[in-house]
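Engineer: Sharing a structure here in structure tokens format.
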Amino acid sequence: MDQLLWGDSGLHDAADNIVLDSHQIIVTRVDSLPLLRFYGSTRAVALGAYEDNDFAVRAAYCQAESIPVIRRLTGGGTSYLYPEQIAWSLTIQAQEFNIEQWLARLCIAVCNGLTNSGYANVYFHKPNDIYSNNRKLGSVHIGMQDNIVIANGTLYRSLDISTMLRALRVPKEKLTQDGMRAAGLHFTTLQNLSAADLSGLKESLAQSIAQIAGLRVLIRTPWVDSVSHTRLADYDKCPEHNSGSTYSGFLATSGGVLHGSMSLDSYLRISSARMGGNVYVRPHHLFKKMESVLYGASEYEISQRMENLFYDIQWELFGFTPAHIMTLVHRLFERQRIAERLSITASSANSFMVHDPDGAMDAMDIAAQAEAMLVPYCAKPAWCKWLVTQ
């Protein structure tokens, strides 16, 4: 079908918009109909599909400010949603393009729509951001559900830097007045949009998205409000992690930060595992499959199990490889060895970090050879020349 059906569903609760995204996927899958929906969202923190709540969100602040934490159907990093944004969701059959190509094509489409509406110096900043005059104007995230691509995008009409920085787990230095002022300089907005301007911009974006997706017919239609108020539990609540006996770690890659955690039984076999990150993968449930495959494995068995998994399925990892995942899992096992050798708890072992970019050396061997160690200021004696006092 060569037509794009598009419309505006108005302002909704953030969790309800996730339900509407799910409905879009069903319609696109059943009727082979590409759908583009513009909407507004109440404020919320939106985790990426594979992101870790503890890694990305200041849960105490969000709870105190009654900011819900939801989970998108799309990958990538966590974002802060609020009403003064232009938000949109696209569902379309996957065709022949991969994740990287879809991200690039949709970001370029958004840039073209903005340019056609009179905005200057708009460009695509890899992997998924929209910039104008060297400042971030918005972003695009995608997910793959079987043969359906779902994309979420936002453009800023105004900024709420203070809440965004406090709700997301950014370095605390950014929470000072100077830090917030500096952070604000990295963003820009679509200013002074009248109702007519806003409607025209949305139509321009729809035209550009249709064109880049190879859809010749653009049909605008009123969006039927079919939100079910029985929400999806997976998106409404993000469980807290009990890190008391859990080994956790992360690994930075060019495609994003992978993070994982696991518990071991008395035979040092994996009794539970969680894998994820602010990344893009295909199929949608790939990390769940990994967790299932890893269950019951010893460290020496994980390589063969993972090799079998990737041999049996069609998969795609954007910006990282299965070798990165293996490095992370070995790092989690290493946490257990550190805890045992130093007689410390799992949570203490999780904070033991060494510089080993290739992940090929033993942490204790590196520590034995280290000529310098970074420790918190509070751990430095009063006579140390590196002690900084306020």
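Engineer: Provide the per-residue ³J(HN,Hα) series for the range 255-264, in order, calculated from phi with Karplus coefficients 6.51, -1.76, 1.60 and θ = phi - 60°, each as a whole number of Hz, with x at glycine and proline positions.
Structural biologist: After applying 6.51 cos²θ - 1.76 cosθ + 1.60, I find x, x, 9, 7, 9, x, 8, 7, 10, 10 Hz.
Engineer: In deg cm²/dmol and to the nearest 500, what is the mean residue ellipticity at 222 nm of the chain if only DSSP H runs of at least 4 residues count, each as -39500 (n - 2.57), divided by the residue total?
Structural biologist: Numbers: 13 runs with 136 residues, N = 390.
That comes out to -10500 deg cm²/dmol.
Engineer: Quick check on the chain: of the DSSP beta bridges with both residues there, what percent are antiparallel, nearest 5%? Intermediate values should be presented prior to the final figure.
Structural biologist: Working: 50 of 64 bridges.
Counting DSSP beta bridges with both partners in the chain, the antiparallel share is about 80 percent.
Engineer: Which value, in Å² rounded to 10, gives the accessible area of K289 with a 1.4 Å probe and all protein chains present?
Structural biologist: 90 Å²
Engineer: Quick check: with the 1.4 Å probe, what order do E301, E340 take by accessible area, largest first?
Structural biologist: Most to least solvent-accessible, the answer reads E340, E301.
Engineer: What angle, in degrees between 0 and 90 and rounded to the nearest 10, separates the Cα long axis of helix 302-312 from the longest principal axis of the Cα atoms of the chain?
Structural biologist: Result, in degrees: 20.
Engineer: Calculate how steeply helix 99-116 sits against the longest principal axis of the alpha-carbon atoms of the chain, using the helix alpha-carbon long axis, and give the answer as 0 to 90 degrees to the nearest 10.
Structural biologist: With rounding to tens, the tilt is 40 degrees.
Engineer: Here is a follow-up. What are the ³J(HN,Hα) values, in whole Hz, obtained from phi via the Karplus relation 6.51 cos²θ - 1.76 cosθ + 1.60 with θ = phi - 60°, for each residue of the range 32-48 in sequence order, with x given for Gly and Pro?
Structural biologist: Couplings: 6, 10, x, 10, 10, 10, 8, 6, x, 10, 5, 5, 6, 9, 10, 5, x Hz.
Engineer: For K202, which aspartates and glutamates qualify as cross-link partners when the Cα separation must be under 16 Å and same-chain residues fewer than eight apart are set aside?
Structural biologist: Partners found: D8, E84.
Engineer: Can I get the semi-axes of the range 286-356's equivalent ellipsoid? Compute them from the C-alpha gyration tensor as square roots of 5 times the eigenvalues, in angstrom, largest first.
Structural biologist: Numbers: eigenvalues 139, 39, 18 Å².
For the range 286-356, the semi-axes come out at 26, 14, 10 Å.
Engineer: Compute the helix-to-body angle for 14-31: its Cα long axis versus the longest principal axis of the chain, expressed 0 to 90° and rounded to tens.
Structural biologist: It is inclined by approximately 70 degrees.
Engineer: Still on this structure, please answer the following. Quickly rank 211-217, 159-165, 137-143 as a protection proxy: mean count of other C-beta atoms within 10 Å, highest first.
Structural biologist: Numbers: 211-217: 14.7, 159-165: 17.6, 137-143: 25.1.
Packing proxy ranking, top to bottom: 137-143, 159-165, 211-217.
Engineer: Please tell me the relative contact order of the chain in percent, rounded to the nearest whole number, where contacts are Cα pairs under 8 Å and at least six residues apart.
Structural biologist: Contact order relative to length: 17 percent.
Engineer: Let me ask you something else. Give me the distance between the Cα centres of the range 1-71 and the range 271-320, rounded to whole Å.
Structural biologist: Result: 26 Å between the Cα centres.
Engineer: In Å, the Kirkwood hydrodynamic radius of the range 82-139 over pairs of distinct alpha carbons?
Structural biologist: Working: mean 1/r = 0.0811 Å⁻¹.
That comes to 12.3 Å for the range 82-139.
Engineer: Within the range 14-86, which GluC sites (Glu not before Pro) sit in a loop by DSSP and count at most 11 neighbouring Cβ atoms inside 10 Å? Mind dumping the intermediate values first?
Structural biologist: Numbers: sites: E51, E65, E84; in loops: E51, E65, E84.
Passing both the DSSP loop test and the Cβ count: no residue.
The values are calculated or read from the model by the stated rules, or taken from the named source; none is laboratory data. Bear in mind the structure is a predicted one, so any value in this text is a computation, not a measurement. As a convention, Cβ positions derive from the backbone with ideal geometry for all residues, glycine included, and neighbour counts pool all protein chains shown. The protein model used for the area step is the full one, side chains on, heavy atoms only, and it has no ligands, DNA or RNA in it. Shrake-Rupley method; radii C 1.70, N 1.55, O 1.52, S 1.80 Å.
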